[in-house]
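Below is one structure; the comments refer to it alone.
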Amino acid sequence: SSFNTAHMTVSVDLNRVVTITFSSINGGDGVQVYVCSGAPAAEGAMVWIASQGGGLIDNVRVNRAFGLDHFNRPDGALGPGWKTHAGTIGLVDQSARGIYSSSSMSIFGNITGNQVEGDIAVNPSGAINYSAFILNYAVGVDNLFIKFQNQDADPAFESLGCYKGNNQVLHPLFNLSTPVHSAHVKIWVNNVFHAVTIQLTRIDGGIGTQVYTCNGTPPAEGNLVGIASFNGGRIDNVMASEFVPMLDVFLPLIKR
């Protein structure tokens, strides 16, 4: 649908797929996502802006990644960058997962962010399992816990749940528009509208997208991010960044 104003985010992945996300549409919490595949190889790393006929652009920035973990190392513990808070979560075949049939949660040690993203994949055995991301974490009371769950023997995530803490329901599990075997997930919190947005791209290796919003989120208790897994749900390529749709100040580049 058409709009007058929005916050626009553009990203390009290693497969040269471009994702364009419009959020804060007309000052609200609506989101639109578009995907263009087949982008040419990068000729450089610079970014730019353009306008024609008086189109307005403001508050331009290049997003900083505060933490990134590809998990490309031998099987075993997640490593010193992570602090496990529950269960036993570790690396198997260069992805993170709950190793045993219990809920396992780990927080990115000393890494903060307003957005967390990563790749998820269902346990192909078809057992009940989930992959989850955590935002606004400090003491584990009012943090956000967003999980993709396979509830039956069919090996695909078919439901999504939004929780406060780890088990206080903000929104009960609801069905995804179509089941998902794997996807890239990006989640951010808009504390102005008390809403969390969940965006799925690269669904089952394609260019489809799904977007969901859970409203009524509590005020942030902190800004740590993390991951969780139950019974082998896969998580990979986790990144925390500063993305905030309503942020209206220039952020200078700080190399870390």
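Values as computed for the structure displayed
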{"read-out": "In the chain, lysine pairs closer than 21 Å at Cα, eight or more apart or cross-chain", "value": "5"}
{"read-out": "³J(HN,Hα), Karplus 6.51/-1.76/1.60, whole Hz, each residue of region 137-154, x for Gly, Pro", "value": "7, 9, 10, x, 10, 10, 5, 9, 10, 10, 10, 9, 10, 9, 9, 9, 7, 6"}
{"read-out": "Phi-based couplings in Hz for region 216-223 (Karplus 6.51, -1.76, 1.60; Gly and Pro marked x)", "value": "x, 6, x, x, 4, 8, x, 9"}
{"read-out": "Per-q log10 I(q)/I(0), region 1-44, q = 0.14, 0.27 Å⁻¹ (Debye; single scatterer per alpha-carbon; no solvent)", "value": "-0.39, -0.88"}
{"read-out": "Electrostatic dipole magnitude of the chain [Cβ: Lys, Arg +1; Asp, Glu -1; Cα centre; debye, to 20]", "value": "380 debye"}
{"read-out": "Whole-angstrom Cα spans of region 98-180 along principal axes, big to small", "value": "36, 27, 21"}
{"read-out": "Other-chain or far-sequence residues with amide H under 5 Å of Leu176's (modelled H)", "value": "Ser159, Leu160"}
{"read-out": "Kirkwood hydrodynamic radius of region 135-221, Cα pairs, Å", "value": "13.4 Å"}
{"read-out": "Alpha-carbon Rg/Rh ratio, for region 117-164, with Rh computed the Kirkwood way", "value": "1.05"}
{"read-out": "Amide H within-cut-off set for Thr5, under 5 Å, with H built and near neighbours excluded", "value": "Asn26"}
{"read-out": "Binned Cα-Cα distances of region 67-120, short to long, each 10 Å bin given as a whole percent", "value": "24, 58, 18"}
{"read-out": "Candidates Ala96, Ala195, Ala228: whichever shows maximal mean-square fluctuation once the chain is modelled as a Gaussian network with Cα springs under 10 Å", "value": "Ala195"}
{"read-out": "Ratio Rg/Rh [Cα only; Rh per Kirkwood] for region 1-93", "value": "1.09"}
{"read-out": "Accessible area of the chain divided out per residue, in Å², using a probe of 1.4 angstrom", "value": "50 Å²"}
{"read-out": "Rg and Dmax [Cα atoms of the chain; Å; Rg one decimal, Dmax integer]", "value": "18.0, 59"}
{"read-out": "Cysteines in the chain lacking a second Cys C-beta under 4.7 Å", "value": "Cys36"}
{"read-out": "Selected from Thr112, Thr19, Thr178 as most flexible by GNM, with the chain as the system and alpha-carbon contacts under 10 Å", "value": "Thr178"}
{"read-out": "Met8 paired with Val62, simple spin-label distance in nm, labels 7 Å along Cα-to-beta-carbon", "value": "1.9 nm"}
{"read-out": "Within a Gaussian network of the chain (alpha carbon springs, distance under 10 Å), most fluctuating of Ile187, Ile57, Ile25", "value": "Ile57"}
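The values are calculated or read from the model by the stated rules, or taken from the named source; none is laboratory data. For clarity, every value in this text was computed on a predicted model and none was experimentally measured. Virtual Cβ from ideal backbone geometry, glycine too; neighbours counted across all protein chains shown. Quick note on the areas: whole protein, heavy atoms, side chains included, nothing else; ligands and nucleic acids left out. Shrake-Rupley method; radii C 1.70, N 1.55, O 1.52, S 1.80 Å.
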